[in-house]
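A quick write-up on the structure given underneath.
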Amino acid sequence: MKRRAWFVSGLWVAALLGLTACKATSSTSARYIDSVPPRYEVSCPAGEVCSESVALLVGLSAPREPTRCTAALVGPRTAVTAGHCVAWEMANGGRCDGLWLGFARSDRRPAEWIECARIESASSPSPSLLSPDYAVLKLSRDASRAAIPIGEGDVPSGEVVRVLSVTADRFYDEVHQVRSRRCIVDDNRRLVSAGERPSSSIRVLSSCPIRQGSSGAPVLDRRGRLRGLVHAAGPPYFAFGVMTLLSQHVDRDDG
C-alpha cells in the first residue's frame, strides 16, 4: 500500500513540474507591448461584480517575451504576486524596470496602469513547487482604489475560498479579464514524495482549474481577506492548483 501511495504522489508531482501558472506573451500580441505602459486591455466580464484590487502584471524586461501574471493590491502603494513572476528582475538586482500593473475599470474607478518602483522582498528561489513563492512590490505611486485586507491564522482543509485572476481571452490574446472562481482548500500530502517533509505554508486548491496567467492570483476567504497566492497548477483535467499561504508580514506603510 505504501508503494502505491508513493507512486501516486510521484504522479502528482510529475504533473506539476513545469506547470507554473504564469504566461509568456505570444508573438501575435507583441505589438501591444511596444509602448509604455503596455497596451493590453484589462476588463471585467459583462454583468459580473469585478474586483478593482486585482491587476494584470506585465514584465517587459524578460529576456525573450514579456511575462504576464496576476497581482493583488494590499496597500495604497503595495502589491503582492508570485515570486517566479519577477524572477528575471530579482536575478538582475531586484530592480523592476519595465514591470507594470494594469487595473480594470470598475463602477467607481477608471482603468489605470502603475509602474513598479522596486521589489521589497521575495521568497528564495526553489526548484520545488511545494516551496513558498511570493514577492512584495512597491509601486511608483498610490493606486486610486481600495486594497485587499490580509487575514491571519491558518486556512483549514475543506474551507471554500475564492481565487481572483487576470487571464487572457481564449481567442484574443491581448484582451484580459478579471475572473473569479470558488475552490476548496486541501493539504499538500498527496503531492509530497516519499521521505519529503510537507511544508506548512503550502496548500492545494482542489476542484479548481487554474488558467495560465493566474500565478500571483489572490486567494480570499469568506470574509474577503487575502489568505494566499496561487503559484502553480496541475493539468486542466486534474483541476487543482497550489497556493502559498501569505502568513509572513507584509509591510504596507506607504507613507
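Residue separation of E120 and A239 scaled by 0.36 nm, minus their Cα-Cα distance, works out to 39.6 nm of gained length.
By the count of other C-beta atoms within 10 Å, a proxy for reagent exposure, F171, F103 are ordered fewest to most as F171, F103. For the stretch 43-58, 3J(HN,Hα) computed residue by residue from phi via the Karplus equation (6.51, -1.76, 1.60; θ = phi - 60°) reads 9, 9, x, 4, x, 10, 6, 10, 7, 7, 9, 10, 10, 7, 9, 10 Hz, glycine and proline entered as x. Extension gain for R95-A46 works out to 14.0 nm (0.36 nm per residue, less the C-alpha to C-alpha distance). Backbone phi angles across the stretch 211-228, fed through the Karplus curve with coefficients 6.51, -1.76 and 1.60 (θ = phi - 60°), yield HN-Hα couplings of 8, 4, x, 8, 4, x, 5, x, 10, 10, 7, 5, 8, x, 8, 6, 10, x Hz in residue order; Gly and Pro are listed as x. Scanning residues 5 or more positions from A232 or on other chains, those with amide H under 5 Å from its amide H are A21, V242, with H placed 1.01 Å from N in the peptide plane.
Structural size metrics of the stretch 115-174, computed from C-alpha coordinates, are Rg and Dmax of 15.9, 40 Å. Both the radius of gyration and Dmax for the stretch 23-139 are 14.2, 43 Å, in that order, over alpha-carbon atoms. Remark: spin-label model distance A111-R182 equals 3.0 nm, labels positioned 7 Å along the Cα→Cβ axis.
Read the figures in this text as sums done on the coordinates, not as results from a lab. Here the structure is a predicted model, which means the values were calculated and not measured. FYI the Cβ positions are ideal-geometry reconstructions off the backbone, even for glycines, and counts take in every protein chain you see.
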